[in-house]
Amino acid sequence: MPADPVQCLTEAFTKAIVAVAGQEYAETDPAIRPASKPDLGDFQCNVAMGLGKRLARAPREVAGALVDAVDLDGLADTPEVAGPGFINIRLDKSILLDAVTMMDTPDLGVVPDEDAGDVVIDMCGVNVAKQMHVGHLRSTIIGDAFARILERLGHVVHRENHLGDWGLPIAMVLRELRNNGADLAALTLTDLDTAYRTVQAAATADSRGLEAAVSKQVGPHHIAELEAQNSGAAEVRSAAGETLVLLQAGDAGLIADWQSLIAVTLAAMSEAVDMLGVDMGPENNRGESFYRDHLQDVMGWFQDRNLCCEDEGAMVVRFDNRDRAMIIRKSDGGFLYATTDLAAVRCRTQETKATRCIYVVDARQHDHFQDVFDAAALAGWNTTPDGDVVQFSHTGFGSVLGGDRKPLKTRGGKNVTLISLLTEAIERGREEVRTRSKDPHAPTHGLDPEELDAIGRSVGIGAVKYADLSNDLVRDYVFDLDRMVAFEGDTGPYLQYAHARIRSIIRKAGDDGAGATFQIDQPVERQLVLALLRWNGVVHATAETLEPHRIAAYARSLAEAFNAFYQACPVLKADTDDLRRSRLRLADLTGRVLCDALNLLGIEAPDRM
RNA sequence: GCGGGUGUAGCUCAAUUGGAUAGAGCAUCGGUCUACGAAACCGAAGGUUGCAGGUUCAAAUCCUGCCACCCGCGCCA
């Protein structure tokens, strides 16, 4: 017997549907949902209305027939039909007791996926010689959450940092630094970032401006000026091109310099990733340079199968459902990021044999990934060598904005570095924790400063992560530390607090209620148990849809269910010892599920705060 | 111009994928602690779901046409 009541009800109603409508309806989803309101029951079955339509029968009559046919012996009372054909179900208490007892195991009732395939998550996306900023924050913590969730369900997850460590931009930076006689061994990431911006600006100034100027027929002086700038940019690009050729040819000095650029970048990345508590080290690097020897091969694969054609000297892949083509080789023979991404797809599906490839890259690259996925399908890389179908997803997330609703910048107009952002968040968390610890009643009172700092860090980082993961990923959001660390309302600290309070009860009792017989006689106890039993379904739904805010919303509803229980039911002062132990066990189980939920989002759950 | 995204309470967001009276949190107002942790709880107020049609027992959700804002748009990544 499955522990999950939804599963039991689904099976029972599937049989009833077959009995009422015939075998051809065996695949119809009975649409078992939690009751929209507690006083209507525990669950509802919403299948009768749709079925009535298909059978050309009155929905209420179908609902009645289903109720007559369904066998819920030992599971629930006779369901009631309401409204246009809703079927309201109230479970037997014994089933709830069995189910909650069965989920009280180390895995908390979360059932691993069958035949769990490998998953590749393309996340973080660091660029060599560039500061990490809020875009990397999102990619890193969202990717980390996916990894944790899928690992929880038994998948082997490969976190890959598709490092921007190759190509023209890197060559330009190298050239700039060498021209300036920079001491590469002594450089900081800030120096690299400055050099990057300098050459980037020089190389892009400014062909678009020129085109616009010509088309708008501005004065000849202005055009001449822009032409001069533009030819300068062309010079920068072609000079960088020469450097790139040397780099690609394996010039020893250049390679050494290139490696020191990478080392500086990775040191800064490591610092940021450590602050975030994300498991992402050098072993996760598989950047553009990794694929540099694969590109010709990928090109050949497309050419051999006539999947690409020449257009104005470039090689492009065309798709029959859209005008936009994807360039995979430039007219000068060079390859692009599209080619690299295809090489990565091939590697991930054909060698790693991942059955799922997830790209955690901002939403602006939506079109690009649609092209990559469709091209991969043309190439046959949407199945593994074992014949398993590969599922590709691009979870395009929105931008992080400042208070002015524009991409986050400092007062001086510079990009905010990820590290400065996290440093501030941690400091804010620590301030709050220190302040609270001064209260003699606070459980943190008297802790040594190192412990308080560790808790404050969990709180500050947890606040940032929760703010990011608790709403729909595609939306932009305003980065507002005041609200995130507000410790009130729908925040990470609220959930951490709920968890810490539960731990506090267990600590005080010196008993986690292990082995106690559950008693669920109060309505709030029943609601809490129903909330606990949803956990398995929520994890699976999140893994399927890649919508972490489902877990965030669940954690919040669980905390609310616990708070209601806690308000109405004395735990330590329960009337009988059996009831006290039952409630302690319920509290402990809730604490563990809450901790699990927070951990799947990458948020720590301190025992006291 | 073409393509993608977003539009829900004063603000920030949900809505289990077409289900019952659209729900939370901030902010506002009113109640709960010499404490099983008040970083909490209970209550009040707040809505023409951008607009107009359509589909049906049922639409924030689906289809059509508009409006507003954001983001892309061949040889950068």
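The values are calculated or read from the model by the stated rules, or taken from the named source; none is laboratory data. From a predicted model like this one, the values you see are computed outputs, not experimental measurements. With ideal geometry, Cβ positions are generated from the backbone for all residues, glycine too; neighbour counts draw on all protein chains shown.
Only one residue in A:Ala541, A:Ala587, A:Ala597 is surrounded by 23 or more Cβ atoms within 10 Å (Cβ to Cβ) and within 22 Å of A:Asp113 (Cβ to Cβ). Which one?
So the residue among A:Ala541, A:Ala587, A:Ala597 that is surrounded by 23 or more Cβ atoms within 10 Å (Cβ to Cβ) and within 22 Å of A:Asp113 (Cβ to Cβ) is A:Ala597.
Quick check on my filter: what residues within segment A:11-38 are surrounded by 13 or more Cβ atoms within 10 Å (Cβ to Cβ) and either in contact with a Ser or Thr (Cβ under 7 Å, 6 or more places away or on another chain) or of a type in the set (Ser, Thr, Tyr) (or both)?
A:Thr14, A:Ile17, A:Tyr25, A:Thr28, A:Pro30, A:Ile32
Quick one: in segment A:394-413, which of the residues that are among the polar types (S, T, N, Q) and more than 8 Å from RNA strand B (Cβ to nearest atom) is modelled with the lowest pLDDT? Lay out the reasoning, then the answer.
We begin by selecting, within segment A:394-413, every residue among the polar types (S, T, N, Q); these are A:395, A:399, A:410.
Remaining after also requiring more than 8 Å from RNA strand B (Cβ to nearest atom): A:395, A:410.
Numbers: A:Thr395: 94, A:Thr410: 76.
Restricting to residues being among the polar types (S, T, N, Q) and more than 8 Å from RNA strand B (Cβ to nearest atom), the top hit is A:Thr410.
With the condition being within 8 Å of RNA strand B (Cβ to nearest atom) and touching a residue at least 24 places away in the same chain (Cβ under 8 Å), I'd like the helices (runs of 4 or more DSSP H) fully within segment A:1-85 carrying at least 1 qualifying residues.
A:47-55, A:59-69
Could you list, ordered by first residue, the pairs with Cβ atoms under 7 Å in which the first is in segment A:569-588 and under 21 Å from A:Ala559 (Cα atoms) and the second is in a loop (DSSP other than H, G, I, E, B) and hydroxyl-bearing (Ser, Thr, Tyr), at least 6 apart or interchain?
Note: pairs meeting the criteria are A:Ser582/A:Thr517.
Tell me whether segment A:366-382 contains one or more residues that are part of a loop (DSSP other than H, G, I, E, B), touching a residue at least 40 places away in the same chain (Cβ under 8 Å) and within 16 Å of RNA strand B (Cβ to nearest atom).
No: segment A:366-382 contains no residue that is part of a loop (DSSP other than H, G, I, E, B), touching a residue at least 40 places away in the same chain (Cβ under 8 Å) and within 16 Å of RNA strand B (Cβ to nearest atom).
Please find, among A:Ile502, A:Ile520, A:Ile506, the residue that is touching a Gly at 6+ places or on another chain (Cβ under 8 Å) and more than 28 Å from A:Ala467 (Cβ to Cβ). Show your work before the answer.
Working: A:Ile502 fails: more than 28 Å from A:Ala467 (Cβ to Cβ); A:Ile520 fails: touching a Gly at 6+ places or on another chain (Cβ under 8 Å).
Of the residues listed, the single one that is touching a Gly at 6+ places or on another chain (Cβ under 8 Å) and more than 28 Å from A:Ala467 (Cβ to Cβ) is A:Ile506.
List the number of the failed condition for A:Arg581; all other conditions in (1) buried (at least 22 other Cβ atoms within 10 Å of the Cβ); (2) touching a helix residue (DSSP H, G or I) at 6+ places or on another chain (Cβ under 8 Å) hold.
(2)
Which condition breaks for A:Ala116 when tested against (1) away from RNA strand B (no atom under 16 Å from the Cβ); (2) surrounded by fewer than 19 Cβ atoms within 10 Å (Cβ to Cβ); (3) farther than 30 Å from A:Glu283 by Cβ?
(3)
What's the number of the only condition in (1) buried (at least 19 other Cβ atoms within 10 Å of the Cβ); (2) within 26 Å of the chain's Cα centre (by Cα); (3) assigned to a helix (DSSP H, G or I) that A:Ser270 fails to meet?
Failing condition for A:Ser270: (1).
Suppose the filter is near RNA strand B (Cβ under 10 Å from one of its atoms) and under 21 Å from A:Ser557 (Cβ atoms); does A:Ala442 pass it?
no
Name the one entry in A:Leu528, A:Leu473, A:Leu422 that is surrounded by 15 or more Cβ atoms within 10 Å (Cβ to Cβ) and part of a loop (DSSP other than H, G, I, E, B).
Step by step, each of A:Leu528, A:Leu473, A:Leu422 is checked, and only A:Leu473 is surrounded by 15 or more Cβ atoms within 10 Å (Cβ to Cβ) and part of a loop (DSSP other than H, G, I, E, B).
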